[in-house]
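Below you'll find the structure, written out as structure tokens, and then a few comments.
The values are calculated or read from the model by the stated rules, or taken from the named source; none is laboratory data. None of the values given here were measured: they were computed from a predicted structure. Note: ideal-geometry Cβ built from the backbone for every residue, glycine included; neighbour counts use all protein chains shown.
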Amino acid sequence: MIKKIIFIAFLFLSFNSFGQDIDELRKKASTSSDNELVVFIKKAKDQGLSLMDAEKQLILIGGKAKEVKKLRDLWNKKTSEIEDPEDESDDKIQSEFGYTDNFEKDSLEVDVVEEKKRFGSDFFKNKNIVETPQLFVATPSDYRLGPGDELLINLYGASENSYPVQISRNGNVKLDRMEPIYLSGLSIKSASKRLKSRLSKIYTGLNSSNPIEKVDLELSLQKARSIVINITGQVEGPGTYTISGFSSVLNALYAAGGPNDVGTYRDINIIRNGKVIYNVDLYDYFSNGIYPNIYLRDQDVILVKPYEIETELVTGFKQLALFEIKKNEVVSDLIKLSGGANSNTYKSKVFIERFDDFSKKIIEIDEIDFKNTKLIDGDKISFKEINKDNISGAVKIGGAVYLNGSFQLDNNKSVNDLINSAKGLSNDLLGDNAILYRSNKGLEDRSVSINLKNNVDLSIQLFENDSLYIPSSKDILFDQLIEIKGEVNFPKEIDFRKGYTITDLIILSGGLTPYANKNDIKIFRNVSKSGGENVTEEIIVQLDENLIPNKKIILQPDDIVTVNTFPYRKDNKFYSIEGEVALPGLYSIKNQSYSVYNAIKENVEFLKSSSVEGISITRDSIRIPVWGKKLLSQGSNSKFNFELVSGDIINVPSKNKTAVISGEVQQEGIINIDRPISAKQAIGYVGGFTNKSIKREVYVEYQNGLRKVTRNFLFFKFYPRVFPGSKVVVPEKDENQQKTSVGEIVGYTTSLVSILALIKSF
């Protein structure tokens, strides 16, 4: 095969490791059969080579003009039109050149064209999108209340009160001492007006303009009701869905997987009580960010019909996809939907590939007609791309010269003049052949073989946009790889570069895992023995703590590096250290009695930002508090010390000079503290207790997860201390706890009298 011939030629010219005479090699390459060229074309395309690259490589090994022309003729033929080469052609080439490879023999296959996606389909395939709506936002003005909605009525000003209510099945809400108020079907604004009108009979300040007497009413939606909708037609998952009453059409469609391959994105019907009330165009959202805030009601139907017109953007557009078009839309509308043309396109004309009856034709549309040309189903639209390498009045040179790039074209400039402008041929010159690419207005036209030792070839006159390539030994036709696997964080194949060491490879693969055995790293390398036999050589390397190997080994192409597992891995036990420490990571449990104290003392290096008091252990998702300062001061015999088990996580949080006060206090909030204070004192900073608080059940939650509650003795309360980073919680009374009963008071008094009498008797 030609590809194999080329590869051998590179090796021969670079390393002189083959006994084959170069002239014989070139002779065999120049007499390649059509079958060999077909195999070469298939493999070249598989590697992503262009026709220009393929011609370059054929000329490089001495291919003549007729072989280059034959290659060009075969290149653009459909696979079905090319005779399928027989397998023995591979064997023939291998035996003639004394070369074998391990690649599977290829057969020609029809190229598979990647199917374009429908514009907007990615939205419904995005797993990161939450299909339920965000409820912690202002209630939309068009949202209509209904049975099941939970509301909060707040009164403030001269009178203050709150009414949590739920709309009943009958559409009413019931307030104390009042007749039911019907709110179903009303917006929040209308419902507020109705409530204000009814409540003004009790709270006269609602109608007052006097600031001292004035009472204001605020109505908010606390929890939206659930509704049942039906989604039918051309969607991925048609059916009946129970969703939040806060859901929009977009939320519902996402739950159903969106339109299928034939479903419309531009004319989605919302049917209510048998009538179409809305037509939704999702392109308004995908292209312009206009969100379809159409909120659904119970028993609404979403109907997704088949699309009518779908076009395909082929080349030259910023978004290449299938776009749905409405009947009245034209070419300019499609260009706008796609985001416009790419910068490297000829924008004054579009080309439409259209099926007309039983034939296909190409229609050219000038820019002046973009606003007047309608599209039909199946149209394929393209902008022609301009060759980005086309520089006016310039020629290019690359490869084995000292200066690569574009040079200004002077009158009668020849190939030799261009080489001299590039400061001559460099030492990495590979062979005597070069390639001159001739182009016409930026479009590749043909290539010409140049013999660098032939004065006639060197005197060839250059034209605008000509490109000269001179082969270099630095060129690599196909990527060469090295592989690392085993106990590294990211096992992978890596592009080979000269000078790579094992240390470089380990760093590029994300470093070693905790289970890596630094004393057992192996390099597997293919080497050729005398007689042409290929064998695999095994090289064992050891690394020190700094990943420096005990052998100075430079890696070679196709090397495989394996980092083996440390012996008895299954018996090893590990714990991890996380948070504000100098060296977080995974550590080994050294023995059966290895404790928290041992781990912290040996492996935890605290930072200035570390909270020692906030240390905790996570075990099987359960958080275990550790009093860090007491543990470290008391040592291994501390009551706060315990044995570690495999999988434990030691977490050291950052220092926090604040405390959070929540619950039944006058004003929940955060206070700044830099020393321990009483919980009662902390509560005093936020205005004290409310009349609903349970003072005797106040508790403090510390950074390490431990909770301390208030101790009570008769009428005396001993509040826990609050450290920086703590949270103080004041529980709320139940309704039956709101007042202390007479019996409780008598009981407390009797107990106190008894204790005083006892004290007096002593």
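Anything in region 514-546 that is within 24 Å of Tyr575 (Cβ to Cβ) and modelled with pLDDT under 80? List them, or say none. Residues satisfying the conditions are Pro514, Tyr515, Glu545. Under the condition of being in a helix (DSSP H, G or I) and of a type in the set (Gly, Ala, Ser), the residues counted in region 669-702 number 3. The condition (being of a type outside the set (Asp, Glu), out of contact with any strand residue (DSSP E or B) (no Cβ under 8 Å at 6 or more places or on another chain) and either under 19 Å from Ser343 (Cβ atoms) or modelled with pLDDT of 85 or more (or both)) is satisfied by just one residue among Ser392, Ser382: Ser392. The residues listed here are Tyr597, Tyr685; of these, the one that is among the aromatic types (Phe, Trp, Tyr) and in the same structural domain as Ser726 (by TED's automatic domain parsing) is Tyr685. Restricting the search to strands (runs of 3 or more DSSP E) fully inside region 307-412 and requiring at least 1 residues that are within 18 Å of Ser467 (Cβ to Cβ) and of a type outside the set (A, V, I, L, M, F, W, C) gives 394-399, 405-408.
Every residue, every condition in (1) more than 17 Å from Val700 (Cβ to Cβ); (2) surrounded by fewer than 16 Cβ atoms within 10 Å (Cβ to Cβ), yes or no:
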residue	(1), (2)
Leu586	yes, yes
Lys590	yes, yes
Asn598	yes, no
Asp620	yes, yes
Trp627	no, no
Ser646	yes, yes
Val652	yes, no
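Going through Gly725, Gly669, Gly705, Gly687 one at a time, which residue ends up being small (Gly, Ala, Ser) and over 38 Å from the mean Cα position of the chain (by Cα)?
Gly687
The residue that is farthest from the chain's Cα centre (by Cα), among those in region 323-361 that are within 19 Å of Ser121 (Cα to Cα) and surrounded by fewer than 18 Cβ atoms within 10 Å (Cβ to Cβ), is Lys326. Checking each residue in region 337-380 for being touching a helix residue (DSSP H, G or I) at 6+ places or on another chain (Cβ under 7 Å) and under 17 Å from Lys327 (Cα atoms) picks out Leu337, Phe370, Lys371, Thr373, Leu375.
All conditions in (1) out of contact with any Gly (no Cβ under 8 Å at 6 or more places or on another chain); (2) crowded, with 19+ Cβ neighbours inside 10 Å hold for Val730, with the sole exception of (1). Taking the conditions (1) surrounded by 12 or more Cβ atoms within 10 Å (Cβ to Cβ); (2) modelled with pLDDT of 75 or more; (3) under 30 Å from Lys518 (Cα atoms) in turn, Phe490 satisfies each one other than (1). Please verify whether region 499-507 includes one or more residues that are at pLDDT 75 or above, in contact with a helix residue (DSSP H, G or I) (Cβ under 7 Å, 6 or more places away or on another chain) and either surrounded by 16 or more Cβ atoms within 10 Å (Cβ to Cβ) or aliphatic (A, V, I, L, M) (or both). Within region 499-507 (the criterion being at pLDDT 75 or above, in contact with a helix residue (DSSP H, G or I) (Cβ under 7 Å, 6 or more places away or on another chain) and either surrounded by 16 or more Cβ atoms within 10 Å (Cβ to Cβ) or aliphatic (A, V, I, L, M) (or both)), the answer is no, since none of the residues qualifies.
Being on the phi > 0 side of the Ramachandran plot and not assigned by TED's automatic domain parsing to the domain that holds Val728 is a condition met by no residue of region 655-674.
Conditions tested, residue by residue: (1) touching a helix residue (DSSP H, G or I) at 6+ places or on another chain (Cβ under 9 Å); (2) within 21 Å of Thr242 (Cβ to Cβ); (3) not in a strand (DSSP E or B).
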site	(1), (2), (3)
Gly257	yes, yes, yes
Asp261	yes, no, yes
Thr264	no, no, no
Asp267	no, no, no
Ile270	yes, yes, no
Val276	no, no, no
Asn279	no, no, no
Phe286	yes, no, yes
Tyr291	yes, no, yes
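Within region 172-189, is even one residue assigned to a helix (DSSP H, G or I) and farther than 16 Å from Arg297 by Cα? Taking every residue of region 172-189 in turn, at least one turns out to be assigned to a helix (DSSP H, G or I) and farther than 16 Å from Arg297 by Cα. When you go through Ile212, Ile181, Ile202 one by one, which is the residue that is exposed (fewer than 13 other Cβ atoms within 10 Å of the Cβ) and either among the β-branched types (Val, Ile, Thr) or in contact with a Lys or Arg (Cβ under 8 Å, 6 or more places away or on another chain) (or both)? On inspection, the qualifying residue turns out to be Ile212. For region 146-168, the set of residues classified as in contact (Cβ under 8 Å) with a residue 12 or more places away in the chain and in a loop (DSSP other than H, G, I, E, B) consists of Gly146, Pro147, Gly148, Asp149, Ala158, Ser159, Ile167, Ser168, listed by residue number. For region 203-241, the set of residues classified as assigned to a loop (DSSP other than H, G, I, E, B) and either touching a residue at least 60 places away in the same chain (Cβ under 8 Å) or not assigned by TED's automatic domain parsing to the domain that holds Ser162 (or both) consists of Ala224, Arg225, Gln234, Glu236, Gly237, Pro238, listed by residue number.
So that you can scan it fast, the table gives a plain yes or no per residue for (1) in a strand (DSSP E or B); (2) more than 30 Å from Val228 (Cβ to Cβ); (3) of a type in the set (Gly, Ala, Ser):
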site	(1), (2), (3)
Tyr143	no, no, no
Asn170	no, no, no
Ser192	no, no, yes
Lys196	no, yes, no
Lys201	no, yes, no
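Are any of the residues in region 649-668 in a loop (DSSP other than H, G, I, E, B), among the hydroxyl-bearing types (Ser, Thr, Tyr), more than 24 Å from Ala599 (Cα to Cα) and touching a Gly at 6+ places or on another chain (Cβ under 9 Å)? Checked region 649-668: no residue is in a loop (DSSP other than H, G, I, E, B), among the hydroxyl-bearing types (Ser, Thr, Tyr), more than 24 Å from Ala599 (Cα to Cα) and touching a Gly at 6+ places or on another chain (Cβ under 9 Å). When Glu701, Glu664, Glu668 are checked against the criterion of being more than 29 Å from Phe606 (Cβ to Cβ), buried (at least 16 other Cβ atoms within 10 Å of the Cβ) and modelled with pLDDT of 85 or more, a single residue qualifies: Glu664. List the pairs whose first member sits in region 576-589 and is touching a residue at least 12 places away in the same chain (Cβ under 8 Å), whose second member is surrounded by fewer than 14 Cβ atoms within 10 Å (Cβ to Cβ) and in a strand (DSSP E or B), and whose Cβ atoms are under 7 Å apart, counting only residues at least 6 apart or on separate chains? What qualifies is Ser576/Gly585; Ser576/Leu586; Ile577/Gly585. Quick check: anything in region 603-612 modelled with pLDDT under 80, of a type in the set (S, T, N, Q) and surrounded by fewer than 16 Cβ atoms within 10 Å (Cβ to Cβ)? Checking region 603-612: not a single residue is modelled with pLDDT under 80, of a type in the set (S, T, N, Q) and surrounded by fewer than 16 Cβ atoms within 10 Å (Cβ to Cβ).
One residue stands out in region 672-684 among those that are modelled with pLDDT of 85 or more and within 43 Å of the chain's Cα centre (by Cα): the one that is surrounded by the fewest Cβ atoms within 10 Å (Cβ to Cβ), namely Asn672. If the requirement is being over 27 Å from Lys116 (Cβ atoms), of a type outside the set (Ser, Thr, Tyr) and not assigned by TED's automatic domain parsing to the domain that holds Ala158, which of these qualifies: Asn269, Asn260, Asn288, Asn293? It is Asn293.
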